[in-house]
Amino acid sequence: MGLPELVFTRGAHEDIQKLPEPLRVAVANTLETLAVEPRRVGVPLLGRLRGRWSSRVGNYRIVYTIEVSSAHERVVVRAVRHRSIAYGRRRRRP
C-alpha cells in the first residue's frame with residue numbers, strides 16, 4: 001500500500017474556506033502530515049463518533065475517517081471546526 005488518498009467532503013472544504021489565512025496555513029500543514037500518517041497525527045474518537053479520528057490545530061479540530069481496502073487507504077476529512085462545536089451534530093443544510 002502506498003500513501004493514503006486524501007479526500008474532502010463538501011462541508012470540510014467549506015469549513016476550510018471560512019478559516020482566517022494563518023489558521024488555514026496551519027491546517028494545511030497538518031493535512032500534509034495527515035496524508036502520510038493519519039493514525040500518528042490524530043486520535044480515535046469514542047462513543048457515537050466511533051470510527052472517526054480527530055487532529056488538533058490550536059483550538060480547531062480536523063475530524064476525519066480512515067477507509068481501508070485491500071488496494072489502498074483513503075483519508076476522508078469530514079469537518080474542520082472550533083473545538084467547541086467540532087463534535088456536535090451538524091445541522092442539515094437547506
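Read-outs: derived from the displayed coordinates by stated rules, not from any lab. Please read all numbers here as calculations on a predicted model, not as lab measurements. Neighbour counts are summed over all protein chains in view; Cβ atoms, including those assigned to glycine, are modelled from backbone coordinates with ideal geometry.
So what is the calculated 222 nm ellipticity per residue for the chain, using -39500 (n - 2.57) for each DSSP H run with n of 4 or more, over all residues, to the nearest 500 deg cm²/dmol?
Helices in the chain give a 222 nm mean residue ellipticity of -8000 deg cm²/dmol.
Just want the ordering: Val7, Val25, from fewest to most Cβ atoms lying within 10 Å of their own Cβ.
In order of increasing Cβ crowding within 10 Å: Val25, Val7.
Tell me the angle of helix 21-34 to the major Cα principal axis of the chain, expressed in degrees between 0 and 90 and rounded to the nearest ten.
Computed tilt is about 20 degrees.
What is the sum of charges around Ile66, taking Lys and Arg as +1, Asp and Glu as -1, for the other residues whose C-beta is under 14 Å from the C-beta of Ile66?
+2
Just want to confirm a number: the relative contact order over the chain, from Cα pairs under 8 angstrom separated by 6+ residues, in percent.
The normalised contact order for the chain reaches 32 percent.
Limiting things to C-alpha atoms, what are the Rg and the maximum Cα-Cα separation (Dmax) for the chain, in angstroms?
Final numbers for Rg and Dmax: 12.9, 39 Å.
Given charges of +1 on the Cβ of Lys and Arg and -1 on the Cβ of Asp and Glu, with all other atoms neutral, how large is the dipole of the chain about its Cα centre, in debye to the nearest 20?
Value, rounded to 20: 720 debye.
Could you please report the charge total around Val76, scoring K, R as +1 and D, E as -1 over all other residues with beta-carbon less than 12 angstrom from its beta-carbon?
Result for the neighbourhood of Val76: +1.
Taking Rh as the Kirkwood radius, which is the inverse of the mean 1/r over Cα pairs, what is the Rg/Rh value for region 9-63?
0.97
Going by Cα centres, region 1-17 and region 37-76 are how many Å apart?
11 Å
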